[in-house]
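Structure, as structure tokens:
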Amino acid sequence: MKKIVALLAVAMFASFAWADDIEKKIALQELPEKAQEFIATYFQGVKVKKVIKTIDANNFIEEFDVYLAGKIQVEFDMVGAWNEISLKSKKTTMPRFIYPTHITDTLDEQFADKRIIKVSNDGMEYEFNFSDGSEVTINALGKVVEFEK
């Protein structure tokens, strides 16, 4: 009997270890409050099409993808901080002031002629992808770390 219980425990552990991410459609109200406030502030009046909660089955880490009208996708971490914003439509523009003022200043001074289609934020650096295929990484102090054409 002990062998059967041990075998079942090993089988359960193994199934979790190789499990895929678990995705589930949720209501906007189920997002962390910080994420809800971000959407209400920076995408006011933009219709929320769907919200997907993804649970990493191996690490039990939650992420949220919010799909908005205008082909906008916003990714949030488990506490509601945004990690990435993607614009998939030429008609949509990136909201201003979603990043610190000194980063906005750097963008305005050095990249004003470029259209942002994606921005990623890891808390230390912001990576911007532009519609012409170029990319820039700007640190939290507003200094350009890397620029690729």
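Values in this text are rule-based calculations from the coordinates and carry no lab data. Source: prediction; values computed, not measured. We place every Cβ from the backbone using ideal geometry, glycine too, and count neighbours over all the protein chains shown.
Listed here are the pairs K118/K143; K91/K143; K53/K149; K47/K90; K90/K149; which of them are more than 27 Å apart at the Cα? Provide the component values of the computation, followed by the final result.
Working: K118/K143 19 Å; K91/K143 29 Å; K53/K149 34 Å; K47/K90 18 Å; K90/K149 20 Å.
K91/K143; K53/K149, as the Cα separations exceed 27 Å there.
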Can you run phi through the Karplus equation (6.51, -1.76, 1.60; θ = phi - 60°) for the stretch 103-119 and list ³J(HN,Hα) in whole Hz, with x for Gly and Pro?
-> 6, 4, 4, 4, 4, 5, 6, 10, 9, 4, 8, 10, 9, 7, 10, 7, 9
Count charges around Q44 for me, please; just the other residues with Cβ under 15 Å from its Cβ, Lys/Arg as +1, Asp/Glu as -1.
-> +1
Could you work out which residue, out of I61, I52, I116, moves most in a Gaussian network model of the chain, that is, has the largest mean-square fluctuation with Cα springs under 10 Å?
-> I61
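Run through every distinct alpha carbon pair of the chain and return the Kirkwood hydrodynamic radius in angstroms, one decimal place. Walk me through the numbers on the way to the answer.
Numbers: mean 1/r = 0.0574 Å⁻¹.
Mean inverse Cα-Cα distance, inverted, gives 17.4 Å.
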Quick one: Debye curve from the C-alpha atoms of the stretch 19-91, no solvent, what's log10 I(q)/I(0) at q = 0.14, 0.21 Å⁻¹?
-> -0.41, -0.87
